[in-house]
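See below for the structure under consideration.
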Amino acid sequence: MKTKKRILSGMRPTGKMHLGNYVGALENWVKLQGQYENFHLIADYHVLTTTTDTSEILNNTLEMVCDWLAVGIDPAISPIFRQSQIKEHSELFLLFSMLITTARLERNPTLKEQVKDLNIDTIIYGHLGYPVLQSADILLYKGEVVPVGEDQAPHVEITREIARKFNNIYSEVFPISETKLTDFARLPGLDGNKMSKSMNNTILLSDSEDVIMQKVRKAITDTQKLRRNDPGRPEVCLVFTYQEKFNNGKTDEIIEGCKSGALGCVDCKKMCVQAINEHISPYTEKRNYYANNKNEVLDIIRDGEKRAQKEAVSTMNEVREAMKLG
Ligand code: TRP
């Protein structure tokens with residue numbers, strides 16, 4: 001008997017993971033590993049919605065998975081697999097595309113945001129259909145819970161709509177998936193914008209303490225705190241957001257020191273870097289191992305693909321039967 005609910009989590013292969021990925025997703029995935037049954041999807045087809053350049057996809061996939069494994073995703077329990085290697089994704093994507101209107105997809109706020117952020121002047125068909133492919137990702141594995149950041153919640157909403165529609169028209173094949181928002185809000189990048197590889201404002205999980213120090217040293221704190229003893233305002237300080245996350249036990253002390261002027265930004269940054277490093281240094285050894293043994297990483301992914309495909313095939317059989325196809 002099945003006791004654990006199933007999670008389907010996914011990420012586009014963006015290469016080495018940064019603290020934003022860690023705080024916004026990975027940390028949560030690892031935490032949920034015992035409570036749920038987890039499937040970890042690599043959304044390599046989704047990359048093609050915003051670029052035609054495929055040259056880095058495989059390398060980015062391997063780099064990303066090195067970090068997943070390093071932080072504690074256990075591939076023996078939770079399969080890790082690529083969308084592109086399991087043909088059932090394309091098949092279900094096609095069938096789902098008949099169950100949603102273009103008007104509905106044009107209203108997707110995440111699409112609007114991307115169009116603005118990436119300066120896209122005309123939207124390709126596949127990009128409009130991004131959430132439909134995501135729905136196929138989730139429902140192919142009957143994902144009941146989808147851990148995502150806020151920007152992805154509209155896609156889970158579309159997934160629910162498609163599942164309901166399919167179930168109503170054909171038969172009850174799919175669960176109505178729930179969104180599980182990550183507790184910690186988005187971690188800003190070193191420039192205060194969303195932390196993102198394309199913005200060049202990241203701290204990587206694989207960065208050494210020295211590199212992190214170099215990066216954090218340049219971060220802007222409270223622009224009104226000019227000298228060491230000036231009182232500062234933690235609530236407007238970027239470094240304080242990191243402190244809140246990584247130095248959680250010391251936030252009262254930091255607030256007091258900053259406000260009174262006793263704690264200068266240089267010392268505060270040192271404390272912050274140390275705390276970040278304490279968080280991520282336990283992952284270094286494992287990360288290095290996998291980074292030096294990428295064939296092993298690929299084997300792990302291929303093994304995940306075999307296991308995931310079994311589920312995918314079984315769902316597609318149900319879908320075809322429900323639709324009287326074949
Ligand atoms: N769109 C998600 C992102 O950019 C990645 C993704 C693809 C995903 N398929 C998914 C996330 C299925 C959760 C479930 O972050």
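None of the figures in this text is laboratory data; all of them are computed from the coordinates on show. This one's a predicted model, so the numbers in the text were calculated from it and none came from an experiment. In this analysis, Cβ positions are derived from the backbone assuming ideal geometry, glycine residues included, and neighbour counts consider all displayed protein chains.
From its DSSP helices (H runs of at least four residues, each -39,500 (n - 2.57)), the chain gives a residue-normalised ellipticity at 222 nm of -14500 deg cm²/dmol. The alpha-carbon atoms of the stretch 6-75 define a convex hull whose volume equals 84 cubic angstrom per residue. For the stretch 143-192 versus the stretch 37-70, the inter-centroid distance based on Cα atoms is 19 Å.
One equal scatterer on each Cα of the stretch 132-209, no solvent, Debye formula: the resulting log10 I(q)/I(0) at q = 0.23, 0.25, 0.27 Å⁻¹ is -0.99, -1.08, -1.17. Under the convention that each Lys and Arg Cβ holds +1 and each Asp and Glu Cβ holds -1, the size of the dipole of the stretch 207-283 around its Cα centre is about 320 debye. Net charge of the neighbourhood of L32, taken over other residues with C-beta under 15 Å away and scored Lys/Arg +1, Asp/Glu -1, is -1. The reciprocal of the average 1/r between distinct C-alpha atoms defines the Kirkwood hydrodynamic radius, which for the stretch 207-283 equals 12.4 Å. Over 29 Å apart at the Cα level, from the set K31/K250; K5/K215; K112/K310; K165/K197; K180/K269, are K5/K215; K112/K310; K165/K197; K180/K269. Dipole magnitude of the chain about its Cα centre, charges +1 at Lys/Arg Cβ and -1 at Asp/Glu Cβ only, in debye to the nearest 20? That gives the chain a dipole magnitude of about 200 debye. Summed over all non-identical Cα pairs, the Kirkwood treatment of the stretch 258-326 gives a radius of 17.1 Å. Note on V313/T102: beta-carbon distance plugged into 1/(1 + (r/R0)^6) with R0 of 35 Å gives a FRET efficiency of 0.70.
Computed from the C-beta positions of S90 and D191, the FRET efficiency with R₀ = 45 Å rounds to 0.75. Length gained on full extension, N200 to R227: 6.9 nm, using 0.36 nm per residue less the C-alpha separation. Between V65, V211, V297, the Gaussian network model of the chain with springs among Cα atoms under 10 angstrom shows the greatest mean-square fluctuation at V211. The distance between label points at L128 and K259 comes to 5.3 nm (points 7 Å beyond Cα on the Cα→Cβ vector). The gain in end-to-end length when the Q214 to S55 segment is fully stretched comes to 54.2 nm, 0.36 nm per residue minus the alpha carbon separation.
Neighbour counts of other Cβ atoms within 10 Å put L48, L8 in the fewest-to-most order L48, L8. Just want the answer: with Cβ charges of +1 for Lys and Arg and -1 for Asp and Glu, which residue in L181, Y36, G192 is farthest toward the dipole's positive end in the chain? Sorting the options by dipole projection puts first L181. Principal axis extents of the Cα atoms in the chain, from largest to smallest and rounded to whole angstrom, are 76, 43, 40. Counting only the backbone N, which residues of the stretch 147-182 are under 15 Å from the spot 7 Å out from the Cα of T3 toward its beta-carbon? Backbone N within reach: none found. Peptides 107-113, 40-46, 236-242 ordered by packing proxy, namely the average of other Cβ atoms within 10 Å per residue, highest first: 40-46, 236-242, 107-113.
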